[in-house]
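Submitted below is the structure of interest, expressed as structure tokens.
The values are calculated or read from the model by the stated rules, or taken from the named source; none is laboratory data. This one's a predicted model, so the numbers in the text were calculated from it and none came from an experiment. In this analysis, Cβ positions are derived from the backbone assuming ideal geometry, glycine residues included, and neighbour counts consider all displayed protein chains. Side chains are part of the model used for accessible areas, which takes the heavy atoms of the whole protein and leaves out ligands, DNA and RNA. Shrake-Rupley method; radii C 1.70, N 1.55, O 1.52, S 1.80 Å.
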Amino acid sequence: MQRPDMSVAVAGIKMRNPVMTASGTFGYGAEFADYLDLECIGAMISKGLSLKPKAGNPTPRIVETPGGMLNAIGLQNVGIDAFIEQKLPYLKNVNTPVIVNLYGNTLEEYGEVAARLDGLSGVAGIEVNISCPNVKQGGIVFGTDPGAAQEVVRLVKKNTTKPMIVKLSPNVTDVVLMAKACADAGADALSLINTLTGMAIDLERRRPVLANVTGGLSGPAIKPVALRMVWQVAKAVKLPLIGIGGIMNGRDALEFMLAGATAVQVGTASFLDPSAAQRIAREMEQYLVDHKIESVSSLIGALEL
Amino acid sequence: MQFKSMVVSNVELSPNYFRMRMTAPQELLASAPGQFLMLKVTDAIDPLLRRPFGLFDVGTFTAEYAGCGTQAYCEILYKVVGKGTKLLSALHHGDVVDLLAPLGRGFDLGPAGEEKVLVGGGVGLAPLYYLAKALVARGEKVRLFAGGRNRDDILCITEFERLGVETYVATDDGTLGESGFVTQVLERHLNKGMRIFACGPTPMLGAVAKMAALHEVPCQVSMEAYMACGVGACLGCVMKGANHTEDTPDYRCVCKDGPVFDSFELQWS
Ligand SMILES: Cc1cc2nc3c(=O)[nH]c(=O)nc-3n(C[C@H](O)[C@H](O)[C@H](O)COP(=O)(O)OP(=O)(O)OC[C@H]3O[C@@H](n4cnc5c(N)ncnc54)[C@H](O)[C@@H]3O)c2cc1C
Ligand SMILES: Cc1cc2nc3c(=O)[nH]c(=O)nc-3n(C[C@H](O)[C@H](O)[C@H](O)COP(=O)(O)O)c2cc1C
Ligand code: FES
């Protein structure tokens, strides 16, 4: 048999395989160049960028939990202009689509960041984060209220000609409602999920471990929740979906595709194994070879009930 | 680099302190003292994250098994404090672990000729041994000030002495060396023309940094932080830089900008 066809496309962004690196877990890309071949992954997503540089939260910012970790980084980033000046030139020379993850502290900022990216070569698309649990303004407010989410999505859409992915929060009672709202407002694709709000307590000190008190839970512990949400949204919304949450190996990734995802993002796994994204793509391909499946896209939504 | 490594030995030196030797690629011999490694203690998902350890030593040995010439190794010196280090302490010769190394910024050895003063608290002695070896190899005069709660916390002093390092010891309970903080002993010996390298608990490093500033002695400190990635991607390990304020935040990444910093680069509260 020939090598299986691993390529997929999300909202017009063509990728050699379905494995992307999740925002905030892959730095600005160059950090990982020693550990994997950046041209062997499907796409790279930048750290979440805002209009101005952002310092992030006080420390401690991370703590391990069973099967996962909590983070309260607070979206520390270099700001959109420094990204364009300092980070993008390197990324342009890598033959892999770069998707810029962005957020705003206000509605207007979302629009402004999107506008600055428009027309830039080397940016294949944008991912709008309306779901960070670690910042007061921005993020979560827009991610939990369908009306507010629609306002953001409409405004960003007006300011960009690039494919627009909207990243959803799991910290809602009805993720389908949010997904539909974003789809109606003009999203080209949805990625889900961001981290689940959680907490850890230091019993000796009788204090929260994280300076921010709460943080976002990621890693294998959240995979079942993420999988369920992808499956629910896939049934209700026609847009391409990107599955995220606790993907550690090729089998995890393929489960998300069966549930309805067109592509996946690898987050926490890159911390344990900096070559995880490349390894996962290889493991997916091996599954296809073993099962004599010709193309990975034939598995999208192929779950049997 | 990411590589698989075989445990060569894993020995308990004193209660809860272990010294573990692992095979390493030749390239690791070019690492700098003060750099660290990240070790995955289990393939399972609990504990999930890698654990950081300073390089205690690197070198080559002749393996006992047939067909093997000289083999590079690295060593860590660690204290069992929780889940990960407990699992680590159960590893044996022949077990395989996954390593990222060498990571971070190591010590700047400074110009030759000055007296080099090493200050270590407890397991903070770990990176100082590799450093002492490098300094002694350059023919420098090296002194070590080692502190701990009790005699069990004072490790590998004979190894330092074998290098020709003059050692001073202090323990909180006086069970070994002078009784009291090692910083008190250090203070009596400080003078210009020295260079300090320190690693240990943060309060100790703060005290050393203040003392160094007062005596105008250059001082480098090796810091610890809770780490997830070890490569500068997660921004979880940051600490406050010297100019940090609420309004103009200044965070330094311990894994990438450090773990070794000039003491004036950081904010000591
Ligand atoms: C750059 C660097 C170099 C280090 N070098 C050494 C070394 O040479 N030898 C050595 O014994 N230890 C070293 N450490 C500390 C070591 O990484 C931790 O002791 C270890 O990760 C604890 O893992 P655990 O699973 O046993 O503990 P856990 O079960 O995770 O936690 C147990 C206790 O240890 C504390 N702890 C956990 N992680 C850290 C950490 N990163 N720093 C400080 N305290 C922590 C926790 O707060 C908790 O109180 C280093 C840390 C860093 C950042
Ligand atoms: C340290 C850390 C930082 C993150 N930063 C961002 C971010 O800036 N923007 C964003 O949209 N998501 C961010 N995320 C969320 C991840 O992109 C991903 O949605 C989440 O971690 C779940 O995937 P995982 O279980 O594979 O890690 C971050 C996650 C972690 C662990
Ligand atoms: S541990 Fe991830 S940035 Fe330092």
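For region B:11-25: of the residues being of a type outside the set (Lys, Arg) and open to solvent by 30 Å² or more (accessible area, probe 1.4 Å), which is nearest to the other protein chains (Cβ to nearest Cβ)?
B:Pro25
Another question about this same structure. Given the conditions (1) away from ligand 3 (no atom under 16 Å from the Cβ); (2) among the aliphatic types (A, V, I, L, M); (3) within 14 Å of another protein chain (Cβ to nearest Cβ), report the number of the one that B:Met204 does not fulfil.
(3)
Spot the failing condition for A:Gly246; the list is (1) assigned to a helix (DSSP H, G or I); (2) buried (at least 22 other Cβ atoms within 10 Å of the Cβ); (3) not aromatic (Phe, Trp, Tyr), and only one is missed.
(1)
Restricting the search to region A:143-166, which residues are open to solvent by less than 10 Å² (accessible area, probe 1.4 Å) and either in a strand (DSSP E or B) or of a type in the set (D, E, K, R) (or both)?
A:Met164, A:Ile165, A:Val166
Is one or more of the residues making up region B:32-51 of a type outside the set (S, T, N, Q), more than 16 Å from ligand 3 (Cβ to nearest atom) and assigned to a strand (DSSP E or B)?
no
Just checking, does region A:23-35 include any residue being at the interface with chain B (Cβ under 10 Å from one of its Cβ atoms), open to solvent by 20 Å² or more (accessible area, probe 1.4 Å), over 18 Å from A:Lys167 (Cβ atoms) and of a type in the set (Asp, Glu)?
Taking every residue of region A:23-35 in turn, at least one turns out to be at the interface with chain B (Cβ under 10 Å from one of its Cβ atoms), open to solvent by 20 Å² or more (accessible area, probe 1.4 Å), over 18 Å from A:Lys167 (Cβ atoms) and of a type in the set (Asp, Glu).
Here's another thing I want to ask about it. Against the condition open to solvent by less than 10 Å² (accessible area, probe 1.4 Å), under 18 Å from B:Glu115 (Cα atoms) and touching a residue at least 40 places away in the same chain (Cβ under 8 Å), how does B:Ala212 come out, does it pass?
yes
Now for a different question. Checking B:Val80 against (1) farther than 24 Å from B:Gly232 by Cα; (2) more than 14 Å from every other protein chain (Cβ to nearest Cβ); (3) open to solvent by 30 Å² or more (accessible area, probe 1.4 Å): exactly one of these is not met. Which one?
B:Val80 satisfies all of (1) farther than 24 Å from B:Gly232 by Cα; (2) more than 14 Å from every other protein chain (Cβ to nearest Cβ); (3) open to solvent by 30 Å² or more (accessible area, probe 1.4 Å) except (3).
Read through the list (1) in contact with a helix residue (DSSP H, G or I) (Cβ under 8 Å, 6 or more places away or on another chain); (2) under 27 Å from B:Met6 (Cβ atoms), then give the number of the only condition that B:Leu118 fails.
Result: B:Leu118 fails condition (2) only.
Among the residues of region A:167-185, is any touching a strand residue (DSSP E or B) at 6+ places or on another chain (Cβ under 9 Å), within 16 Å of ligand 3 (Cβ to nearest atom) and open to solvent by less than 20 Å² (accessible area, probe 1.4 Å)?
no
Ok, one more. Looking at B:Leu29, is it within 20 Å of the chain's Cα centre (by Cα) and either touching a residue at least 40 places away in the same chain (Cβ under 8 Å) or within 14 Å of chain A (Cβ to nearest Cβ) (or both)?
yes
Same structure again: Across region B:231-264, what is the number of residues that are buried (at least 19 other Cβ atoms within 10 Å of the Cβ) and either more than 10 Å from chain A (Cβ to nearest Cβ) or within 15 Å of ligand 1 (Cβ to nearest atom) (or both)?
Looking only at that region, the number is 19.
If you don't mind, there's one more thing I want to ask. Given the conditions (1) within 11 Å of ligand 2 (Cβ to nearest atom); (2) modelled with pLDDT of 95 or more; (3) basic (Lys, Arg), report the number of the one that A:Lys47 does not fulfil.
Checking A:Lys47 against (1) within 11 Å of ligand 2 (Cβ to nearest atom); (2) modelled with pLDDT of 95 or more; (3) basic (Lys, Arg), the one that fails is (2).
Which residues, taken from region A:271-291, are assigned to a helix (DSSP H, G or I) and within 14 Å of chain B (Cβ to nearest Cβ)?
A:Phe271, A:Leu272, A:Ala276, A:Ala277, A:Gln278, A:Arg279
In region A:89-119, what residues are crowded, with 17+ Cβ neighbours inside 10 Å, out of contact with any Asp or Glu (no Cβ under 9 Å at 6 or more places or on another chain) and either without any contact (Cβ under 8 Å) to a residue 40 or more places away in the chain or not in a helix (DSSP H, G or I) (or both)?
Within region A:89-119, A:Pro97, A:Val98, A:Asn105 qualify.
Yes/no matrix, rows are residues, columns are (1) open to solvent by less than 70 Å² (accessible area, probe 1.4 Å); (2) part of a loop (DSSP other than H, G, I, E, B); (3) within 30 Å of B:Gly139 (Cα to Cα); (4) in contact with a Ser or Thr (Cβ under 7 Å, 6 or more places away or on another chain):
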site	(1), (2), (3), (4)
B:Glu27	no, no, yes, no
B:Phe53	yes, no, yes, no
B:Gly59	yes, no, yes, no
B:Glu75	yes, no, yes, no
B:Val97	yes, no, no, yes
B:Val117	yes, no, yes, no
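Just give me the residues in region A:283-305 being in contact (Cβ under 8 Å) with a residue 60 or more places away in the chain, open to solvent by less than 50 Å² (accessible area, probe 1.4 Å) and of a type outside the set (Gly, Ala, Ser), in sequence order.
Passing the criteria: A:Met284, A:Glu285, A:Leu288, A:Ile293, A:Val296.
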